[in-house]
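The values are calculated or read from the model by the stated rules, or taken from the named source; none is laboratory data. What you see is a predicted model; the values in this text were computed from it and never measured. Here the Cβ positions follow ideal geometry from the backbone for every residue, glycine too, while neighbour counts run over all protein chains shown. Ligands, DNA and RNA are excluded from the accessible area calculation, which covers all protein heavy atoms including side chains. Shrake-Rupley method; radii C 1.70, N 1.55, O 1.52, S 1.80 Å.
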Amino acid sequence: MLDVDDPIPGAWTLEVSSAGIDRPLTRLKDWDRFAGHLVKAELDLPLNGRKRFSGIITGTRENAAVIRLDDGEEAVLPIEAIRKARLVLTDALIEQALHDGYCIGR
């Protein structure tokens, strides 16, 4: 439609962006909202000898994010110790985004 109507004089580039469905998890409510989805997290300081964690989000407990690791163990990550945490883009996450009404471009 933009090419047909040409509402912008001269050359132009259309850029579309969003925070994305694989956005960083920064608040406790984010961890509850995305329970059941895969996450990768990194801590500022090691917890039980490690800084990097990957697993399925199971929710929150007190002031911490809780994930189930690949080996079935549970990791309780204090929210203030999390340097970064990001959802991993999976089919299930895309399906939830579509269900929740997010627009996913092609």
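Using only alpha carbon pairs under 8 Å that are at least six residues apart, calculate the relative contact order of the chain and give it in whole percent. Could you put the intermediate results ahead of the total?
Working: 150 pairs, mean separation 29.3, N = 106.
Once normalised by length, the contact order is 28 percent.
Between Glu73 and Ala35, full extension at 0.36 nm per residue minus the direct alpha carbon distance yields a gain of 12.1 nm. Each residue of the stretch 55-66 was assigned a 3J(HN,Hα) from its phi angle through the Karplus curve 6.51 cos²θ - 1.76 cosθ + 1.60 (θ = phi - 60°); the sequence is x, 8, 5, 10, x, 10, 9, 6, 10, 9, 8, 10 Hz, with glycine and proline shown as x.
Of the heavy-atom accessible surface of the stretch 14-83 (probe 1.4 angstrom), what whole percent is carbon and sulfur?
Values: 2090 of 4410 Å².
Carbon-and-sulfur percentage of accessible area, whole number: 47.
Considering only the Cα atoms of the chain, their convex hull presents on average a projected area of 9.3 nm².
Each residue was assigned an accessible area with a 1.4 Å probe, and for Asp100 the value is about 70 Å². Between amide H atoms placed 1.01 Å from N, distances below 5 Å from Arg61 occur with Val66, all of them 5 or more places distant or on a separate chain.
Rank these residues by their accessible area, most exposed first, probe 1.4 Å: Val4, Val39. Working shown, then result.
On the way: Val4 125, Val39 0 Å².
So, going from the largest accessible area down, we get Val4, Val39.
Exposed loop sites, defined as chymotrypsin sites (Phe, Trp or Tyr not before Pro) outside DSSP H, G, I, E and B with at most 14 other Cβ atoms within 10 Å, are absent from the longest region of the chain, namely 13-101.
At 1.4 Å probe size, with every protein chain present, just tell me what the per residue accessible area of the chain comes to in Å². Display every interim value, and only then the final one.
Working: 7600 Å² over 106 residues.
Dividing the accessible area of the chain by its residue count gives 72 Å².
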